Structures are given as C-alpha cells and as structure tokens.
Amino acid sequence: MAINYVTKDNMGATLDRAIIQGLITTELETPNVNWFNGGKEFTVRSISTSGSKPHTRNKGWNAGTFADAKESFTLTQDRDIEFYVDQQDVDETNQELSMANISKVYFDEHVIPEIDSYRFSKLATIAKTTAQGGATVKAGYKEEDVDKASVYSALKDGLKQVRQYGSQNVIGYVSSDVMDALERSTEFTRSITNQNIGTTALDSRVTSVDGVVLKEVFAADRFYDKFDFADGVKKASDAKPLNFVLVVKPNVIAKVKEQAAYLWAPGQHTEGDGYLYQNRYYHDLFMTAKKVDSLYVSAATAAK
C-alpha cells in the first residue's frame, strides 16, 4: 500500500543525517586469521636463523643456530549496542524510525568512525612506544608541525623508514592539512599538464610520493593519537592530530572477528510491543615485534 507523505508525514520524508567518509582503513583488514581454539587470541610464530660463515675445505660445514618464538595477541575491542523502538513510533513516523534507518545511521556515524579512530590511535601508540622505548626493532615516530616549506621533507624522512618493504606495499594516510601543504609545497616545482586538467576540472592533489599511494583522511576527527571509547568515540583531551601515517599493509594484523546484527520483531522478544535491534562487533589491530619498523607516524607537537 502506498504511503501519502504529504497528508500523513509532518516530519519530512528525507532523513537529516550526516554524509561521511566510509571506512578509511579498509586496506589494512587482514583476510584470514587463525584464532586459537576459536577464542579471542591468536598466535604468530617467528623463526630466526644465524647467517652463513666462510667455508673451510679442510673442516667442512659450519654449525648454525635457529630460534623459534611465538607472539600472542588478544582482542580488546568488544563493542555492542541495543535499540528499542515502539511499534507505534514506527507507524507514526511513516517508517522513518524503522530499524533499517536506525541501523544505517548507527553504523555509518558511529561504527565506521570508531574502527578507523581506534586503528589510527593504535598505530600511533605502537610507533611512539617502540620509538621511545628499549625495543630492538623500532617504529618511526616524530612530533612536528609541517607546512608548505617542510611537508615534502617530512614525508621523505618517513619514507626512509618503510621503503625497504617496497613502495607497492606501503599506504600513506595523510591529513587534509598535510595534503593542502603538499599541494602548495615550495620544496619542489610542479607543472600542470593536460593529464591534470579535464574539460571542466583541475586536479592538483598529490596522490603518491616515490610510488607510495597517499590517501587523504577527510574525516579529521578520526585522525588523532588518542581517543576515549567509554561511550562511543571521543577525542581525548590531550589528543594530538596526526600529520600522516605510513604503514606496510601486509605487516599489520587488523581484523573484525565478529560483526553481528539482530532484529527482533514484536512478539519475538519480551521487551515490549516494539522492535529490538542489537549489534555487536569485535575487533583489534596489531603489529608483531619484528615488523614495527614498517611503521612511521608523524604527529603534531601540541594537542588541539
């Protein structure tokens, strides 16, 4: 049956909701992880060996050594929410309070930004902790304020840390401020050619440096080194904006283990005469101790 929005709906047929950037860190998602006994832990085995020695013809083979170590990781981000909507609220708003709409708004405006925010802040924590601590293998980390006179050099310094893994394996997440500075950089000269100009548009963004793809983080509220996840996701009071994050994609373990959504119609639950929506997602991000040198983070010098 058709619904006459003009005569029945006094709220407007179009939802007033934010249009935001989707999951930015989708490239980091790990396809397959072997969970230990199906639980919340998994183990990564690390094998190392000694190198070769000069061969002596009167003696024979040199003895070598090897080591077998295991590194265990435990998921920490177990998140959920439940919404209840009375059946009459759904009817009286011409389905605008339907669970499909509520679920979409919740997922787009909360779940996706939270996963990105956690991953960026976790990478920043790993970089800062190993760079300043006593770890044998260290990530790159620097607090700096970049502008058009320094942004290119800052990126080149970061690329020194990760280029050993091959530029095709590296992804660079950059803030819009950094992208703007790079576009106006005074450290190199650019020529605008027909490749940059379409029939009605000019594309002057720098999309790669030394073969490393740069991905602009338009959603600036996700690009900080610290967040509070007690109730949704909020920037920490002492959070510093990130300038850019350079990371080798195959060396990151980022996984959403579970993404469960349940919708209970009236009569299918005992909470009342309405619809019950439940959502749970379980995720985390890790880097093994041997591969943290495939990460470089540049952050601002002060909280903002």
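Take the residues in region 119-167 that are assigned to a loop (DSSP other than H, G, I, E, B) and polar (S, T, N, Q); name whichever of them is surrounded by the most Cβ atoms within 10 Å (Cβ to Cβ).
Taking the candidates together, the pick is S150.
Just the residues that are surrounded by fewer than 16 Cβ atoms within 10 Å (Cβ to Cβ) and touching a Ser or Thr at 6+ places or on another chain (Cβ under 7 Å), please, taken from region 227-260.
Within region 227-260, none qualify.
Limited to region 36-50, what total is found for residues that are modelled with pLDDT under 75, more than 19 Å from K291 (Cβ to Cβ) and open to solvent by less than 60 Å² (accessible area, probe 1.4 Å)?
Residues that pass the stated criteria total 2.
Enumerate the pairs (first residue in region 269-281 and open to solvent by less than 40 Å² (accessible area, probe 1.4 Å); second residue anywhere and at pLDDT 80 or above and assigned to a loop (DSSP other than H, G, I, E, B)) with beta-carbon separation below 7 Å, excluding pairs fewer than 6 apart on the same chain, so at least 6 apart or on different chains.
Here the result reads G274/P266; L276/H269, each pair linking region 269-281 to a residue that is at pLDDT 80 or above and assigned to a loop (DSSP other than H, G, I, E, B).
Here are some residues: I102, I81, I19, I3. Which one is in contact with a strand residue (DSSP E or B) (Cβ under 6 Å, 6 or more places away or on another chain), farther than 30 Å from A289 by Cα and either modelled with pLDDT under 60 or part of a helix (DSSP H, G or I) (or both)? First the steps, then the outcome.
Working: I81 fails: either modelled with pLDDT under 60 or part of a helix (DSSP H, G or I) (or both); I19 fails: in contact with a strand residue (DSSP E or B) (Cβ under 6 Å, 6 or more places away or on another chain); I3 fails: in contact with a strand residue (DSSP E or B) (Cβ under 6 Å, 6 or more places away or on another chain).
Result of the check over I102, I81, I19, I3: I102.
Okay, residues lined up against (1) surrounded by 14 or more Cβ atoms within 10 Å (Cβ to Cβ); (2) modelled with pLDDT of 90 or more; (3) among the β-branched types (V, I, T); (4) assigned to a helix (DSSP H, G or I):
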site: S117; (1), (2), (3), (4): yes, yes, no, yes
site: F188; (1), (2), (3), (4): no, no, no, no
site: I192; (1), (2), (3), (4): no, no, yes, no
site: R205; (1), (2), (3), (4): no, no, no, no
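Which of the residues that make up region 55-85 are farther than 30 Å from V105 by Cβ and either among the β-branched types (V, I, T) or in contact (Cβ under 8 Å) with a residue 60 or more places away in the chain (or both)?
Selection gives T56, T65, E71, F73, T74.
Of all residues in region 295-304 being touching a Lys or Arg at 6+ places or on another chain (Cβ under 9 Å) and open to solvent by less than 80 Å² (accessible area, probe 1.4 Å), which is farthest from K240 (Cα to Cα)?
Filtering first and then ranking leaves Y296.
The values are calculated or read from the model by the stated rules, or taken from the named source; none is laboratory data. This one's a predicted model, so the numbers in the text were calculated from it and none came from an experiment. Quick reminder, even Gly has a Cβ in these numbers, built from the backbone with ideal geometry, and neighbours come from all protein chains shown. Accessible surface areas use protein heavy atoms only, side chains included; no ligands, DNA or RNA. Shrake-Rupley method; radii C 1.70, N 1.55, O 1.52, S 1.80 Å.
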